[in-house]
Amino acid sequence: MKIFKDKVAKLSFVALLITMTAAMFYTPTASAHGEKSQAAFMRMRTIHWFDLNWSKEEVAVNDTMTVSGKFFVFSGWPETVDKPEISFLNVGIPGPVFIRAGSWIGGQLVPRSVSLELGETYEFKVLLKARRPGDWHVHSMMNVKGGGPIIGPGKWVTVTGSMGSFVNPITTLTGETIDLETYNLGNTYFWHALWYGIGILWVAYWARKPLFVPRLIAVDAGKGDSLITAADKKVALGFAVGTIALIAASMASTNEKFPITTPLQAGLLRGMKTIEMPVPTVAVKV
Ligand SMILES: [Cu+2]
């Protein structure tokens with residue numbers, strides 16, 4: 001009986017290994033456009049995209065392409081979705097495989113949210129710069145506050161080249177040209193590591209002491225006050241003062257290094273230019 005059990009155990013283990021290996025190597029490719037999985041009322045009663053044009057099917061890293069077309073803001077907008085009073089023209093792509101170099105509604109640059117009117121038709125254009133090689137779905141998309149992302153039709157676009165050669169240069173107010181792709185990355189790593197290290201030290205300090213159950217017993221026994229010693233209070237105070245001092249000092253040095261800044265840009269654009277659609281010449285009898 002024991003031999004039989006051993007055999008079963010061994011075989012089960014082998015089966016488990018085979019399953020795991022198979023699962024690791026099974027990587028199906030997603031080949032469908034997901035907008036059809038949206039609820040019908042989201043897809044058919046919100047933003048109607050039409051006359052869409054993708055300027056390229058294949059684009060090299062650092063080259064640009066446009067997604068343009070028109071959209072009609074459906075007059076029978078569903079009650080359950082917030083009105084598109086605060087909307088943002090976007091694209092539906094799998095992560096930052098392109099960067100959005102600019103977007104326009106009715107010929108006006110829209111780097112921020114816009115207010116759309118029900119029953120109106122608008123023209124749009126999004127300029128994309130290729131960043132990561134691969135085959136990607138590129139969809140038009142409208143983010144509506146209180147409604148979520150409303151995705152439009154998509155098309156496969158192939159990006160060729162290598163991501164290592166991607167650059168994103170901009171000229172700052174002071175006339176300096178920087179590459180946003182790599183700008184000050186060392187600084188980002190430094191601050192992440194520093195705060196992570198401080199956090200670990202803080203947790204490690206308290207984790208040296210009896211945790212959870214012994215603490216609960218002490219609190220239940222009315223000895224909760226004895227858990228935190230005078231030394232603990234000093235250490236905690238040290239952490240608090242140190243943190244504030246570090247923030248104050250780094251803020252002062254940053255302000256000194258970058259005296260010219262602009263306030264964060266936010267706002268809402270109203271009165272976007274609409275287009276008149278030609279009067280329908282086809283009569284449909286329902
Ligand atoms: Cu898609």
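Pick from the stretch 252-286 the residues that are farther than 23 Å from LEU116 by Cα and in contact with a Leu (Cβ under 8 Å, 6 or more places away or on another chain): which of them is modelled with the lowest pLDDT? Here the residue is THR262.
Of all residue pairs spaced 6 or more apart or on separate chains, those with beta-carbon atoms under 7 Å, a first member in the stretch 123-144 that is in the same structural domain as TRP77 (by TED's automatic domain parsing) and farther than 13 Å from MET65 by Cβ and a second member that is within 16 Å of the ligand (Cβ to nearest atom) and hydroxyl-bearing (Ser, Thr, Tyr) are ASP135/THR158. Only one of the numbered conditions (1) in a loop (DSSP other than H, G, I, E, B); (2) at negative phi is violated by GLY271, and that is (2). When TRP104, TRP206, TRP195 are checked against the criterion of being without any contact (Cβ under 8 Å) to a residue 60 or more places away in the chain and within 20 Å of THR66 (Cβ to Cβ), TRP104 stands alone in meeting it. Sub-8 Å Cβ pairs linking a first residue in the stretch 83-100 that is in contact (Cβ under 8 Å) with a residue 60 or more places away in the chain and more than 18 Å from GLU58 (Cα to Cα) to a second residue that is within 14 Å of the ligand (Cβ to nearest atom) and assigned to a loop (DSSP other than H, G, I, E, B), at least 6 apart or interchain, number zero. Criterion applied to ILE151, ILE105 was being surrounded by 12 or more Cβ atoms within 10 Å (Cβ to Cβ), within 16 Å of the ligand (Cβ to nearest atom) and either small (Gly, Ala, Ser) or closer than 30 Å to ILE47 by Cα (or both), and the one residue passing it is ILE151.
Exactly one residue out of LEU118, LEU89 is of a type in the set (A, V, I, L, M, F, W, C), away from the ligand (no atom under 16 Å from the Cβ), over 16 Å from the mean Cα position of the chain (by Cα) and within 19 Å of ARG45 (Cα to Cα): that is LEU118.
Of all residues in the stretch 151-164, those satisfying the criterion of being within 19 Å of VAL61 (Cβ to Cβ), under 23 Å from the mean Cα position of the chain (by Cα) and small (Gly, Ala, Ser) are SER162, GLY164. For the stretch 177-213, the set of residues classified as farther than 30 Å from ARG131 by Cα and assigned to a loop (DSSP other than H, G, I, E, B) consists of ARG208, LYS209, PRO210, LEU211, PHE212, listed by residue number.
Inclusion of PHE98 among residues that are at pLDDT 95 or above and crowded, with 21+ Cβ neighbours inside 10 Å is warranted. The set of residues from the stretch 57-74 being in a loop (DSSP other than H, G, I, E, B) and more than 24 Å from the chain's Cα centre (by Cα) comprises GLU57, PHE74. Checking LEU237, LEU216 one by one, the residue that is surrounded by 10 or more Cβ atoms within 10 Å (Cβ to Cβ), at pLDDT 95 or above and either acidic (Asp, Glu) or in a helix (DSSP H, G or I) (or both) is LEU237 and no other.
Tell me, which residue of the stretch 175-202 that is surrounded by fewer than 10 Cβ atoms within 10 Å (Cβ to Cβ), over 23 Å from the mean Cα position of the chain (by Cα) and not hydroxyl-bearing (Ser, Thr, Tyr) is nearest to LYS233 (Cα to Cα)? Here the residue is GLU176. Among all positions in the stretch 123-144, there is no residue which is of a type in the set (Gly, Ala, Ser), more than 16 Å from the ligand (Cβ to nearest atom), surrounded by fewer than 19 Cβ atoms within 10 Å (Cβ to Cβ) and part of a strand (DSSP E or B).
Going by the structure shown, is THR29 under 23 Å from the mean Cα position of the chain (by Cα), part of a loop (DSSP other than H, G, I, E, B) and either within 16 Å of the ligand (Cβ to nearest atom) or modelled with pLDDT of 95 or more (or both)? The answer is yes for THR29.
The values are calculated or read from the model by the stated rules, or taken from the named source; none is laboratory data. Computed from a predicted model, the values in this text were never measured in an experiment. Glycine gets a Cβ as well: all are built from the backbone with ideal geometry, and neighbour counts include every protein chain shown.
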